[in-house]
Amino acid sequence: MRKFLLVLSTTALFSAGLLFPVGKTSAAEISTKEIMVGDYTIQQYADGRIKGISNPEILDNNQKIEGLKLIGYSDDEIKDLSPSMMDEILEQGGIRVDENYTNVQVSYTTLDGAEYPVNERTKEKVKKLMVEDYKTTNLPFTRAVDQLLEEELISALNASDGTSDNRMKIWGTVTYIGTTANGKEYKYSLKNNFRWSETPFNVYKDTMGISNHQKTVVVGTNGKYDLYDTNYNVWMNFGFHSIDEEIVGGTGVVDLRSYEGKHVGYLGNEGRIKATESGTTSVFHGAYSHAILPKVAIMALSYFGIEIDGGLKYSYKKVYNVSKVDQ
């Protein structure tokens, strides 16, 4: 592994009598370390955040990987990012915060609206319900289709928190990106991420959602959907079919494409929390619904979670500490 050369940056601002007005520029924004990654210098603030790189496209792939690791991304997470997603994260900068998963749930909603939990004990029953729903359409049903439906059920059941090599993977990330100009609010980048390592059998419109605790002010909801075409060895960007923003978060529809390859993306927003909440915890909820039929799932967001009507659903809650990283 490449070793980093750390050089503590010094400044003659105080010796020269150049004082910064109180409240304008924090010490965390001034004092930095310089971290050499190859021939490029990455700056790190005193509170641990990595300063955003304005032109990340000039870095080679290895430098980008090392930069993402400095922000706090794991090898497992990095391998499931598209080049444009890597550049986006590096341009924003920040530092990942400690986070814990709770309330991980997998379920299936039938065409008549009944919801069933998916686990090792119920998966055979749920698979039969999926087959019954599938047979109500005009789509041909064969033994191969039966097997493929089972594979998608297992994919949802095993969609872990980001460390699995399962075909389907859903995970959340929380990145501290600094404070507002007046220092009264902490800013976080909150993302609900997805990855299909190969094109799923059913390529309809999948639905994603993200909701936040009531102490969090949501500033903008956005998403990205990139696909690596294995036939032509190129990345393509399709974006979301639609994104709706709400007070507590947002929802987005991913129009999955049938190109053979790797599908990756996220739905996210910036969350702001008052600095007076330092020392407490906050949460955000993430959900992903995979459609096995041409019906778009409906998501209802609240401060307490996400209700989903339709498809194979994977959802979770993430708890994270509210404070500056160096506290």
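Within the range 234-244, not a single residue is among the polar types (S, T, N, Q), free of Cβ contacts under 8 Å to residues at least 60 places away in the same chain, touching a Phe, Trp or Tyr at 6+ places or on another chain (Cβ under 7 Å) and part of a strand (DSSP E or B). Looking across the range 67-84, the residues that are in a helix (DSSP H, G or I), surrounded by 18 or more Cβ atoms within 10 Å (Cβ to Cβ) and in contact (Cβ under 8 Å) with a residue 24 or more places away in the chain come down to 67, 70, 71, 77.
Only residues that are surrounded by fewer than 16 Cβ atoms within 10 Å (Cβ to Cβ) and not in a strand (DSSP E or B) were counted in the range 296-327, giving 4. The numbered conditions (1) within 24 Å of the chain's Cα centre (by Cα); (2) within 26 Å of residue 229 (Cβ to Cβ) are all true for residue 145 except (1). Say we look at the range 85-101 and pick out the residues that are open to solvent by 50 Å² or more (accessible area, probe 1.4 Å) and of a type outside the set (Phe, Trp, Tyr); which of these is nearest to the chain's Cα centre (by Cα)? Filtering first and then ranking leaves 88. Could you check how many residues of the range 251-271 are hydrophobic (A, V, I, L, M, F, W, C) and at pLDDT below 95? Number satisfying all stated conditions: 0.
Per-residue answers, yes or no, for (1) acidic (Asp, Glu); (2) touching a Gly at 6+ places or on another chain (Cβ under 7 Å); (3) in contact (Cβ under 8 Å) with a residue 40 or more places away in the chain:
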residue	(1), (2), (3)
230	no, yes, no
248	no, no, yes
265	no, yes, yes
279	no, no, yes
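When we screen 145, 218 for residues that are open to solvent by less than 50 Å² (accessible area, probe 1.4 Å), of a type outside the set (Asp, Glu) and not in a strand (DSSP E or B), the only hit is 145. Restricted to the range 274-295, and to residues there that are of a type in the set (Val, Ile, Thr) and in a strand (DSSP E or B), the residue that is surrounded by the fewest Cβ atoms within 10 Å (Cβ to Cβ) is 281.
The values are calculated or read from the model by the stated rules, or taken from the named source; none is laboratory data. Keep in mind the model is a prediction, meaning the values are calculated, not measured. Please note: Cβ atoms are built from the backbone with ideal geometry, for glycine as well, and neighbour counts cover all protein chains shown. Just so you know, the surface numbers come from the protein's heavy atoms only, side chains and all, with ligands and any DNA or RNA stripped out. Shrake-Rupley method; radii C 1.70, N 1.55, O 1.52, S 1.80 Å.
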